[in-house]
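Before any comments, here is the structure.
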Amino acid sequence: MTPSRLRNIPLIVAPLVVFLLLNYFFWFRKNTHDAEEEFIQPQNNTNVDPATSNSSGCPELPGIHDVLVVLKTGATEALEKVPVHFNTTLKCIPNFVLFSDFEEEIAGVQALDVLRSVDEDIKQTKAEFDLYNRLRDTGRAGLTAEDINDDPSTPSGKPDNRGWLLDKWKFLPMINETLNIRADAKWYVFIEADTYVVWPNLLAWLEKFDPSQPYYMGSGVQILDVVFGHGGSGLVLSQAAMHKVSDYRASRVKEYDDFTAGQWAGDCVLGKALKDAGVGLFFANPMLQGDTPWTFSHYGPKKMTIIGVPRW
């Protein structure tokens, strides 16, 4: 091809590119609008019924009735971050439960106190429970501006955030509280207020595994000698794993309370209990991961994050 003809290529290609982009734009708008119209407002799903069928117009999600979704939050963030999930992440999910450090109704859904079973001596002696005790005594009126502080996350978490400091105590009690609500789900998906789930992908992936086997799936993180799944990236436990760690902890509650008191990350506490119970982490990257689009490794698995001892 001669140089003169090469110079004419942009004049031919540019209109074609614009045409294709406009077509994609209008197609995307139409399909997004149609998808939004399919969604419905969820009911209060803390009383789950695995046999309930979804005939409301939500997209078909094969296997979703075998899943119990657990959203863990706290009073300092719940009103701001949780309601959007009822119109997005959880909108077409038949079985979910909302756990918090304060029992209240949020956008028509009951938040349950996940810390109710923690030993009362711990609640009265550990500084992390100051926020919890004020909420119990005076409700939201007891919150201060310092409680709502949402400082940025650091390699050692959020050491100046009172809600975050309390959060580490939720992970192990959450296992038993979840089983008390539904003990026969095949899969338990644990998310937080900043977690997003692509349900068709997750369900198609879980279909490849046997929930009667002890699976603990997550995005790998390591603190000292404990390898665990990062809670904010989402965790998936099989029915077998849930019962195994619950049974193992039952006769060692004080041991794990003491361990929790000396730690700063609750997902690390849960990971240790699972490991002690014989359930190691199944590395689920990239299906479960906490990267932003600009840090996500598109060309292979990302190395596991290793965190040292915090300085504070």
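The values are calculated or read from the model by the stated rules, or taken from the named source; none is laboratory data. Small disclaimer: the values here were computed from a predicted structure and weren't measured. Note that each Cβ is placed from the backbone with ideal geometry, even for glycine, and that neighbours are counted across all protein chains shown. Ligands, DNA and RNA are stripped out before the accessible areas are found, and what is left, the full protein with its side chains, is counted by its heavy atoms. Shrake-Rupley method; radii C 1.70, N 1.55, O 1.52, S 1.80 Å.
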**Asked** Taking θ as phi - 60°, what are the ³J(HN,Hα) couplings along the stretch 185-192 by the Karplus curve (6.51, -1.76, 1.60), each to the nearest whole Hz, with x for Gly and Pro?
**Response** 5, 6, 9, 10, 10, 9, 10, 10
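What length, rounded to one decimal in nm, is gained on full extension from Phe283 through to Asp184, with 0.36 nm per residue of separation minus their alpha-carbon distance?
Details: separation 99, 0.36 × 99 = 35.64 nm, distance 2.42 nm.
Taking 0.36 nm per residue and subtracting the Cα distance, the gain is 33.2 nm.
Need the full-extension length gain, Glu80 to Asn201, defined as separation in residues times 0.36 nm minus the C-alpha distance. One decimal, nm. All intermediate terms of the calculation are to be shown ahead of the outcome.
On the way: separation 121, 0.36 × 121 = 43.56 nm, distance 2.74 nm.
Computed gain between Glu80 and Asn201 is 40.8 nm.
At a 1.4 Å probe, what is the % contribution of carbon and sulfur to the accessible area of the stretch 64-283? Working shown, then result.
Details: 4440 of 8920 Å².
Answer for the stretch 64-283: carbon and sulfur cover 50 percent of the accessible area.
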**Fill in**
With the 1.4 Å probe rolled over protein heavy atoms, the stretch 64-283 has an accessible area per residue in Å² of 41 Å²
**Prompt:** Given labels modelled 7 Å from the Cα in the Cβ direction, how far is it in nm from Glu146 to Arg116?
**Reply:** 3.0 nm
**Request:** Calculate how many DSSP beta bridges within the stretch 64-283 are antiparallel, expressed in % of all such bridges and rounded to the nearest 5.
**Result:** 50 percent
**Prompt:** How far apart, in nm, are two points set 7 Å out from the Cα along the Cα-to-Cβ line at Asp137 and at Glu105?
**Reply:** 2.7 nm
